[in-house]
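Trainee: Structure incoming, see below.
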Amino acid sequence: MTDPVFVAAVIAACVIASQWLVDKTPLRHAGVALLVIVVTAIVSNVGIIPTSGNPVYSGIFGYIAPLSIFWLLLGVNLRAVLKAGPQLLFLFLVGALGTALGVVVALQLLGDAPFGTQTPAMAGMFTATYIGGSANFNAIALHYEVMESGPLYAGAMAVDSGITAVWMAITIALPRWLGGRVGEAMADRGGEDPDREAVAPRDLAVLFMLGLGGAWASGVVSEPLGLPSMLILTVFALILAQVPAVARLRGAKAVGMFAVYVFLAAIGALCDVDALGSLGEVGGRIAILAITCVGFHGALTFAAARVFRLDPALAAVASQANIGGGTTALALARSLGRPDLVLPAVLVGSVGTALGTFVGFLVAAWLGA
């Protein structure tokens, strides 16, 4: 079926199914982001929706994806971040430096242009995601149109998700091995959904007005400046996020995450299994890039904690804020029994959300994108 209305309905159903799998089955450890790609890829490859050439997909890439990043950035409170623990912030910045250096080292190991013309973009994507998370990953991919190479993007997303899960397990264990100050894991809050918000129609209207207006203005401003429109949109979002009236708006996180899942569903729909299987050696190169990047990042972060005699638990939470973002950093603080680190973890994670896109663009531009 190629009817755009039907395709859009199926994509929404795939998001619902992925969230249900996370809530109700052992697949919760995979995360909604990865499952949305997998579920929609299955649906498209069995022929329920097309694997390419539908206007719904181009609409998602052109409008929904930029808006998702804009809405999520509205939660970045730079004033509050400045009050976060200076030691945690220091280790986080060291980790960000380690991520960028790790990408450079990985490209040296892989040789010239391991991903062809998309090499600078791939380097920028992994730099961005391992400084702040998937929103940054998507921002770089969107600007450089990596999603048009559906299997390459899907492979990168799958590797990224897998490495993030493994690193979560490592950062839970390392503080205990290294003698960090840890306690008992904090009790779960009965399955409370951190993205659930009570939203009024007025809030949604304002969010859409700001998002659509920001997207239009970023296109107008970026052309004469010769800068990526996504970068300008990021700046607009960060400025607006510091306005108290905007910060009080409800629904930005919920709407932003839904838009992210719709974007990822479109990526999954474009993932032709036969084409993905043809990645072959390229898939191995993606894994080398991610593993080297995270390994270098982790070594530098924990080495800095040791040199400056800082708690390894701080290094673990700061590292997770880089690799997985504020949400996984919060989960790690809870797992380590460190309620004092929960709020700083979220706030420092928001630094990554703000910083990752900028550094990712710098790396990609430095490599010639």
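Trainee: Considering only the range 50-57, I want to know if a residue exists there that is closer than 28 Å to Ala321 by Cβ and either β-branched (Val, Ile, Thr) or modelled with pLDDT of 90 or more (or both).
Mentor: Checked the range 50-57: no residue is closer than 28 Å to Ala321 by Cβ and either β-branched (Val, Ile, Thr) or modelled with pLDDT of 90 or more (or both).
Trainee: Return the only residue of Phe92, Phe70 being in contact with a helix residue (DSSP H, G or I) (Cβ under 7 Å, 6 or more places away or on another chain), at pLDDT below 90 and among the aromatic types (Phe, Trp, Tyr). Break it down stepwise before answering.
Mentor: Details: Phe92 fails: at pLDDT below 90.
So the residue among Phe92, Phe70 that is in contact with a helix residue (DSSP H, G or I) (Cβ under 7 Å, 6 or more places away or on another chain), at pLDDT below 90 and among the aromatic types (Phe, Trp, Tyr) is Phe70.
Trainee: A further question follows. Quick check on my filter: what residues within the range 323-343 are farther than 23 Å from Thr234 by Cβ and not basic (Lys, Arg)?
Mentor: Hits for the range 323-343 are Ala331, Leu332, Ala333, Ser335, Leu336, Gly337, Pro339, Asp340, Leu341, Val342, Leu343.
Trainee: Residues in the range 343-355: is at least one of a type outside the set (S, T, N, Q), farther than 20 Å from Thr99 by Cβ, surrounded by 24 or more Cβ atoms within 10 Å (Cβ to Cβ) and over 17 Å from the mean Cα position of the chain (by Cα)?
Mentor: Checking the range 343-355: not a single residue is of a type outside the set (S, T, N, Q), farther than 20 Å from Thr99 by Cβ, surrounded by 24 or more Cβ atoms within 10 Å (Cβ to Cβ) and over 17 Å from the mean Cα position of the chain (by Cα).
Trainee: With Val32, Val5, Val46 as the choices, which residue is out of contact with any strand residue (DSSP E or B) (no Cβ under 6 Å at 6 or more places or on another chain) and surrounded by 17 or more Cβ atoms within 10 Å (Cβ to Cβ)?
Mentor: Val32
Trainee: Residue by residue through the range 6-28, note down the ones that are in contact with a helix residue (DSSP H, G or I) (Cβ under 7 Å, 6 or more places away or on another chain) and either on the phi > 0 side of the Ramachandran plot or in contact (Cβ under 8 Å) with a residue 12 or more places away in the chain (or both).
Mentor: In the first step, residues of the range 6-28 are kept if they are in contact with a helix residue (DSSP H, G or I) (Cβ under 7 Å, 6 or more places away or on another chain); the result is 7-8, 10-11, 14-15, 17-19, 21-22, 27-28.
Once the filter is applied, which keeps residues that are in contact with a helix residue (DSSP H, G or I) (Cβ under 7 Å, 6 or more places away or on another chain) and either on the phi > 0 side of the Ramachandran plot or in contact (Cβ under 8 Å) with a residue 12 or more places away in the chain (or both), the range 6-28 yields Val7, Ala8, Val10, Ile11, Cys14, Val15, Ala17, Ser18, Gln19, Leu21, Val22.
Trainee: Can I ask one more? Quick one: would you say Ala41 is aliphatic (A, V, I, L, M) and over 23 Å from Ala156 (Cα atoms)?
Mentor: Judged against the criteria, Ala41 is not a match.
Trainee: Kindly list the number of the only condition in (1) closer than 20 Å to Thr119 by Cα; (2) surrounded by fewer than 22 Cβ atoms within 10 Å (Cβ to Cβ) that fails for Leu289.
Mentor: (2)
Trainee: Limited to the range 300-314, what total is found for residues that are under 19 Å from Val103 (Cβ atoms) and free of Cβ contacts under 8 Å to residues at least 60 places away in the same chain?
Mentor: Qualifying residue count for the region: 1.
Trainee: Separate question: Of (1) in contact with a Pro (Cβ under 7 Å, 6 or more places away or on another chain); (2) among the hydrophobic types (A, V, I, L, M, F, W, C); (3) without any contact (Cβ under 8 Å) to a residue 40 or more places away in the chain, Val220 satisfies all except one. Which?
Mentor: (1)
The values are calculated or read from the model by the stated rules, or taken from the named source; none is laboratory data. Here the structure is a predicted model, which means the values were calculated and not measured. Cβ coordinates were reconstructed from backbone atoms using ideal geometry, including for glycine residues, and neighbour counts include every protein chain displayed.
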